[in-house]
Amino acid sequence: MTELIERAAPATEGETVELSMQQAINRALRVLLTEDPEVLVFGEDVGTLGGVFRVTDGLQKEFGEQRVFDTPLAESAIMGMAVGLAMNGWRPVPELQFDGFAYPAIDQIVNQVARMNYRTRGAAPMPITLRLPSFGGIQAPEHHGESLEALFAHTPGLKVVAPSDPSEAYSLLLQSVRSDDPVVYMEPKARYWDRRPVRLSEPTDPIGASRIVRSGRHGTLIAWGAMVHKCLQVAELAAEDGVELEVLDLRWLKPIDAAGLAASVSRTKRAVVVHEAPLTAGLGAEVATLITESCFRYLAAPVQRVTGFDVPYPAGPLEPQYLPTIDRVLLAVQRTLEY
């Protein structure tokens, strides 16, 4: 538990410090609460406890119970309150503790958060950033691991983002909360304790931009969240056999960087999309279609998808059998190379 609750040492703007993803999100929230008195952080146990994963540790003590506060265990009420606060000029940052707990709040998220600005012709913007600890990899009980990006990305009016490392978590959260549009910020639980150097500076890439994490020429691996790390492992292993794979971190799942996808795949001629959600109607299908539409004349092989299976997201011990593995991704890469 020591690493779980440790706090990052103070640092100045622009400095590079080593942080876990958990600490990087905490640091970004501190920046946002400091710069804008209308930012509010609330949710189940985010105040006194500092959140289940201690992401909000120390924020209530620093900013007070009026800015960082606990709510009842009622996800629909949390998101309904966020809507009311946004309509009255606040910039809410609610947390729903676990992704599977978002289901009771789908009505508020889809019918109110996503649509209010449209329905009011801009009179009631929804600058809400929903922090949602997401995906699997920690072998938690049922409903504590889900992959809901396709549901939210399919909903007009929402932006969706999934950071893959501490530096991305820091900059993408700054962009999300400062945006006047509602954002679902999906935090990969399995990477909360991933430690990397983080430069505490302002974001430079625009909302919606992907990034190349590793360059290559024989194919592109496309992923988001924790699966970016898995793809980097695959690329390392493939390099031992002389196969140079590019790894593209999609980052923004709505809007999707179609131009960035096209630029990478048109160079490498092959693409494999990796995500944790089930295969059927998963976001990988949208990514594959965008690639096919833009890169059909360049493709040397059909776009491959490596995903979870078409079953409910499993609990605990079955997660390793459900989540994409290095071997499954390598097999998909091999299939593309055989064309």
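The values are calculated or read from the model by the stated rules, or taken from the named source; none is laboratory data. Everything numeric in this text was worked out from a predicted model, so none of it was measured. Every residue, glycine among them, receives a Cβ derived from its backbone with ideal geometry; neighbour counts consider all protein chains shown. Keep in mind that these areas ignore ligands, DNA and RNA; they rest on the heavy atoms of the full protein, side chains included. Shrake-Rupley method; radii C 1.70, N 1.55, O 1.52, S 1.80 Å.
Scan the stretch 204-221 and tell me whether some residue there is open to solvent by 10 Å² or more (accessible area, probe 1.4 Å) and assigned to a helix (DSSP H, G or I).
No, there is no match, as no residue in the stretch 204-221 is open to solvent by 10 Å² or more (accessible area, probe 1.4 Å) and assigned to a helix (DSSP H, G or I).
Restricting to the stretch 230-265, count the residues that are within 20 Å of E187 (Cβ to Cβ), of a type in the set (A, V, I, L, M, F, W, C), in a helix (DSSP H, G or I) and open to solvent by 10 Å² or more (accessible area, probe 1.4 Å).
1
Counting only residues that are open to solvent by less than 30 Å² (accessible area, probe 1.4 Å) and charged (D, E, K, R), which one in the stretch 17-56 is farthest from the chain's Cα centre (by Cα)?
Across the stretch 17-56, the extreme among qualifying residues is E44.
Within the stretch 138-166, which residues are modelled with pLDDT under 95 and surrounded by fewer than 20 Cβ atoms within 10 Å (Cβ to Cβ)?
Answer for the stretch 138-166, where residues must be modelled with pLDDT under 95 and surrounded by fewer than 20 Cβ atoms within 10 Å (Cβ to Cβ): I138, Q139, A140, P141, E142, H143.
Can we say T120 is of a type in the set (S, T, N, Q), more than 13 Å from the chain's Cα centre (by Cα), under 20 Å from E75 (Cα atoms) and modelled with pLDDT of 95 or more? Before the answer, list the steps.
Details: of a type in the set (S, T, N, Q): yes; more than 13 Å from the chain's Cα centre (by Cα): yes; under 20 Å from E75 (Cα atoms): no; modelled with pLDDT of 95 or more: yes.
No, not satisfied.
In the stretch 100-111, is there at least one residue being open to solvent by less than 40 Å² (accessible area, probe 1.4 Å) and in a loop (DSSP other than H, G, I, E, B)?
no
Here is a list of conditions, (1) under 19 Å from the mean Cα position of the chain (by Cα); (2) crowded, with 23+ Cβ neighbours inside 10 Å; (3) not hydrophobic (A, V, I, L, M, F, W, C), and R270 meets all of them except one; can you say which number that is?
Here R270 meets the rest and fails (1).
With the condition kept exactly as written, say whether any residue in the stretch 121-135 is open to solvent by 10 Å² or more (accessible area, probe 1.4 Å) and in a helix (DSSP H, G or I).
no
If you scan the stretch 315-339, which residues turn out to be in contact with a strand residue (DSSP E or B) (Cβ under 9 Å, 6 or more places away or on another chain), closer than 18 Å to M227 by Cα and aliphatic (A, V, I, L, M)?
Quick first cut of the stretch 315-339, residues in contact with a strand residue (DSSP E or B) (Cβ under 9 Å, 6 or more places away or on another chain) only: 322-325, 328-329, 331-333, 335-337.
Remaining after also requiring closer than 18 Å to M227 by Cα: 322-325, 328-329, 331-333.
Within the stretch 315-339, L323, V329, L331, A332, V333 qualify.
Check the stretch 68-76 and report whether any residue there is open to solvent by 40 Å² or more (accessible area, probe 1.4 Å), of a type in the set (S, T, N, Q) and within 23 Å of the chain's Cα centre (by Cα). Walk me through how you get there before you give the answer.
First, the residues of the stretch 68-76 that are open to solvent by 40 Å² or more (accessible area, probe 1.4 Å): 69-70, 72-73, 76.
Adding the requirement that they be of a type in the set (S, T, N, Q) leaves 76.
Right, trim to within 23 Å of the chain's Cα centre (by Cα) and you get 76.
Checked against the condition, which is being open to solvent by 40 Å² or more (accessible area, probe 1.4 Å), of a type in the set (S, T, N, Q) and within 23 Å of the chain's Cα centre (by Cα), the stretch 68-76 yields at least one hit.
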